[in-house]
Amino acid sequence: MKKLIEEIVARCSALINGCSSSQKLDDVRVRFLGKNGEFTGILRGMKDVPPAEKPIIGKLINEARASLENFLKAKESELAKAELERRLASEKIDITLSNDTEIGSVHPLTLVKNEIVDIFIGLGFSVQDGPEIETDFFNFQALGIPLDHPARDMQDSLYVSEKLLLRTQTSTMQARTMLSTKPPIRIVCPGKVYRADDDASHSPLFNQVEGLVVDKNVSLSQLKGTLEMFAQRFFGKETKVRFRPSYFPFTEPSVEVDCTCSVCGGKGCRLCKGTGWIEVLGAGVVNPVVFENCGIDPKVYSGYAFGFGVDRMAMIKYGIPDIRLLYENDVRFLKQYK
Ligand code: DAH
């Protein structure tokens, strides 16, 4: 019996030693220590052992079983450790690999609008917002453009109903502000405007910034000083500004404002078509008719106003040749302006 036990222990140990996976180890366990295993078989043979030897053989069997179980346990943890190491090696994550997620950026129009607004805030202006669907009154009539006025042809309007239209200009904010706020007024109004127009330099939707100052003794020279300061901050310190006579129904006198070309500095290049100057915005002294329409006494107050296209400013600043590029949302174009 003793020999048989030693023989089984030796065979089982050899098999445990040779196991290369937990699965195989489990098979060995079942084969020797399972319900019908070889070792269990010996226990059944105990009934034939003479009573005097029973305690000795019983002790031997228990010790042999305990040592096999210990051996199995040790091999099991050795295999589990090896398996873990294999997995760690094969499933390695290389955290130094670059991550291709792209970070978004601000749209160039927003970038330019923010820059323009920031400059005017620095000059003491505050920012006003207003509706894009507007009444004929605020878009035209309050600004000195009655129903049959030929100036309506200057802007191709998009009507929503007989009396409502998509605002064609942020000048609407002049009347809205004057009717709701007492002077002194010093505001800029950035926003979207709409016109039935579509080519390389016109988009049916574009962006403007309107400016309005109303106070006692406001003059054309203050307008020029303010716009000069703005242009120098936006285009560069050397920028000069010139006024050309123009016509807008809501200003008198009206001017077209040019800046020296930011590319050639005034010498003449392709951007400025050889003139050295770039037309940037419309402006003027507030027409007394507008004051009267908005309940402000033109004998006490005077003012100036200006309005320009944000798109145009972005195109000049970044040399963008076609306004439609700003609305196509081509990521290759947009990501240049990070
Ligand atoms: N609203 C004009 C336009 O869209 C621009 C403009 C010109 C605004 C003169 C003004 C101004 O405030 O005084 O063409």
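The values are calculated or read from the model by the stated rules, or taken from the named source; none is laboratory data. Bear in mind that the values here come from a model prediction, so they are computed numbers and not experimental data. Cβ sites come from the backbone with ideal geometry, for glycine too, and all protein chains shown count toward neighbours. Quick note on the areas: whole protein, heavy atoms, side chains included, nothing else; ligands and nucleic acids left out. Shrake-Rupley method; radii C 1.70, N 1.55, O 1.52, S 1.80 Å.
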**Study point:** Glu91 versus Ala74: modelled label distance in nm, points set 7 Å from Cα along the beta carbon direction
**Key:** 2.9 nm
Exercise for review: Any chance you could give the angle, 0 to 90 degrees and rounded to 10, that helix 54-90 forms with the longest Cα principal axis of the chain?
Suggested key: 30 degrees
Practice item. At a 1.4 Å probe radius, which order do Leu334, Leu158, Leu97 fall into by accessible area, largest first? Key: Leu97, Leu158, Leu334
Study note, to complete from the structure: Sorted on mean Cβ neighbours within 10 Å (highest first), peptides 272-278, 39-45, 110-116 come out as 110-116, 272-278, 39-45
Review point. Between segment 213-255 and segment 1-52, what's the alpha-carbon centroid distance in Å?
Key: 104 Å
Revision key, fill the gap. Amide H neighbours of Asn207 at under 5 Å, excluding residues fewer than 5 places away on the same chain, with H built from the backbone geometry, are Val193, Val310, Asp311
Practice item. Could you run the Karplus curve 6.51 cos²θ - 1.76 cosθ + 1.60 with θ = phi - 60° over segment 135-151 and give me ³J(HN,Hα) per residue in whole Hz, x for Gly and Pro? Key: 7, 4, 4, 6, 6, 10, 4, 4, 8, x, 10, x, 3, 9, 6, x, 5
Revision key, fill the gap. In degrees, nearest 10, the alpha-carbon axis of helix 108-122 is tilted away from the dominant principal axis of the alpha carbons of the chain by 60 degrees
Practice item. With a 1.4 Å probe and every protein chain left in place, work out the accessible area per residue of segment 248-338 in Å², rounded to a whole number. Key: 48 Å²
Check your understanding: What list of ³J(HN,Hα) values in whole Hz, one per residue of segment 309-315 in order, does the Karplus curve 6.51 cos²θ - 1.76 cosθ + 1.60 (θ = phi - 60°) give from phi, with Gly and Pro shown as x?
Key -> x, 5, 4, 5, 4, 5, 5
Point to revise | Helical mean residue ellipticity (222 nm; -39500 (n - 2.57) per DSSP H run of 4+; nearest 500) of the chain | key: -12500 deg cm²/dmol
Practice item. Name the long-range amide H neighbours of Thr275: under 5 Å, sequence gap of 5 or more, or other chain; modelled H, no Pro or chain starts. Key: Cys269
Practice item. Pull out the extension gain between Asp100 and Gln232, defined as 0.36 nm times the separation in residues minus the alpha carbon to alpha carbon distance; nm, one decimal. Key: 43.6 nm
Exercise for review: Enter the angle in degrees (range 0 to 90, nearest 10) between the Cα long axis of helix 220-235 and the first principal axis of the Cα atoms of the chain, meaning the one along which they spread out most.
Suggested key: 30 degrees
Revision key, fill the gap. Computed ³J(HN,Hα) along segment 267-277: with the Karplus parameters 6.51/-1.76/1.60, θ = phi - 60°, integer Hz and x for glycine or proline, the list is 6, x, 8, 5, 4, 9, 6, x, 8, x, 10
Exercise for review: Let me have the relative contact order for the chain, percent, based on Cα pairs under 8 Å that are six or more residues apart.
Suggested key: 15 percent
Point to revise | Alpha carbon centroid spacing (whole Å) that separates segment 157-174 from segment 274-338 | key: 17 Å
Practice item. Could you please state how large a percent of the accessible area of the chain is carbon and sulfur, counting protein chains only and using a 1.4 Å probe? Key: 55 percent
Point to revise | Out-of-range pairs (alpha-carbon distance over 30 Å; input Lys182/Lys224; Lys163/Lys338; Lys237/Lys273; Lys24/Lys54; Lys163/Lys317) | key: Lys163/Lys338; Lys24/Lys54; Lys163/Lys317
Revision key, fill the gap. The correct ranking of Arg176, Arg233 by accessible area at 1.4 Å, largest first, is Arg233, Arg176
Practice item. Treat each spin label as a single point 7 Å out from the Cα along the C-beta direction, and report the Asp129 to Phe333 distance in nm. Key: 2.7 nm
Point to revise | GluC sites (Glu not before Pro) restricted to segment 254-338 and DSSP loop, no more than 11 other C-beta within 10 Å | key: Glu328
Review point. Tell me, what is the percent relative contact order of segment 1-111, built from C-alpha pairs under 8 Å that lie six or more residues apart?
Key: 31 percent
Revision key, fill the gap. Rounded to whole Å², per residue accessible area for segment 1-99 with a 1.4 Å probe reads 73 Å²
Study note, to complete from the structure: In nm, the gap between the two label points placed 7 Å beyond Cα toward Cβ at Asp153 and Ser22 is 8.9 nm
